[in-house]
Amino acid sequence: MVDRFGVVTSPKTKTIVRGWRHSTEAAFFLEQLIAFRERLREAVVRMEDGSSPIDAFLAEVNSLLLQYPRHTSLHKRDGKVIRETIFEPREPADLWAPIIDAAADLLTETEASRIRKCESCVVHFFDTSKKGSRRWCSMNICGNKLKVAAYQRRKRGENASAN
Ligand SMILES: [Zn+2]
């Protein structure tokens, strides 16, 4: 699941994470993560409504940020020095580090008008498009689904008028 969100990208980390599949720590982490996701969803819905997240939720995020800080290091690449996040989880709970960092970004650096619910599914997404008029969480999945449905409706309409 964490894999799917693109949190874990390096092959080495993927292998480690896969090894946790049947661990009780991983099951516990996943339970916590799902509960957190619900509270994050609430916060996002509040932001969409022009309000802000409740203080208790910010306190929870702050506590996780302290517990699972983001580690970075500097590297040279193409003659430039770049800063990269180091992510080497040793236990399932370490997965909080990139997740809570991303959640903190979402809560602070996101224009509320660019967060909205997908027109086709339950997902709320951050619209990074130039025009800011995206309607679907994913063009490949939900966008296409709606476009195909609209096309079929039009086609049925044409057939009906031709008959
Ligand atoms: Zn969707």
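The values are calculated or read from the model by the stated rules, or taken from the named source; none is laboratory data. Model, not experiment: these values are computed from the prediction. Using ideal geometry, Cβ is built from the backbone for each residue, glycine included, and neighbour counts are taken over all protein chains shown. Surface accessibility is based on the protein's heavy atoms, side chains included, excluding ligands, DNA and RNA. Shrake-Rupley method; radii C 1.70, N 1.55, O 1.52, S 1.80 Å.
Let me know the shape class of the range 80-129, please: from the alpha-carbon gyration tensor, a ≥ b ≥ c as square roots of the eigenvalues, rounded when a/c is under 1.5, otherwise prolate if a/b is greater than b/c, or oblate.
oblate
Assign unit charges at the C-beta atoms only (+1 for Lys and Arg, -1 for Asp and Glu), then state the dipole size of the chain relative to its Cα centre in Debye, rounded to the nearest 20.
Roughly 1140 debye, rounded to the nearest 20.
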Note to self: If you average the C-alpha positions of the range 82-151 and of the range 47-71 separately, how far apart do those two centres end up, in angstrom?
What the structure shows: 17 Å
Next item on the list: With everything on Cα atoms, drop me the angle between helix 144-162 and the longest principal axis of the chain, reported from 0 to 90° to the nearest 10.
Entry: 0 degrees
Checklist line | Rounded accessible area per residue of the chain, 1.4 Å, Å² | finding: 71 Å²
Check: Which of the aspartates and glutamates could be linked to Lys117 by a straight reach, that is with a Cα gap under 16 Å, when you skip same-chain ones fewer than 8 residues away?
Finding: Glu38, Glu42, Glu48, Asp49, Asp127
Check: Looking at Gly132, Pro98, Ser73, which one has the Cα that reaches farthest to the positive end of the dipole of the chain (charges on Cβ: Lys, Arg +1; Asp, Glu -1)?
Finding: Gly132
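Can you tell me how the range 18-75 classifies by the Cα gyration tensor, rounded, prolate or oblate, using a/c under 1.5 as the rounded cut?
Judged from the Cα gyration tensor, the range 18-75 comes out oblate (a/c at least 1.5, b/c at or above a/b).
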Next item on the list: Report the local net charge at Lys131: Lys and Arg +1, Asp and Glu -1, summed over other residues whose C-beta lies under 14 Å from its C-beta.
Entry: +3
Note to self: I need two numbers for the range 70-163: Rg to one decimal and Dmax as a whole number, Cα atoms only, in Å.
What the structure shows: 21.2, 69
Next item on the list: Summarise the accessible area of the range 1-117 (1.4 Å probe, protein heavy atoms) by the percent that is carbon and sulfur.
Entry: 53 percent
Check: Taking a ≥ b ≥ c as the square roots of the eigenvalues of the Cα gyration tensor of the range 1-111, is the shape rounded (a/c under 1.5), prolate (a/b larger than b/c) or oblate?
Finding: oblate
Next item on the list: Quick one: among Val44, Val81, Val17, which has the greatest mean-square fluctuation in a GNM of the chain with alpha-carbon springs under 10 angstrom?
Entry: Val81
Check: Expressed as an acute angle from 0 to 90° and rounded to the nearest 10, what is the orientation of the C-alpha long axis of helix 96-109 relative to the principal long axis of the chain?
Finding: 60 degrees
Item checked: Gain on full stretching of the segment that runs from Leu66 to Ala112 - 0.36 nm per residue minus C-alpha separation -> 14.0 nm
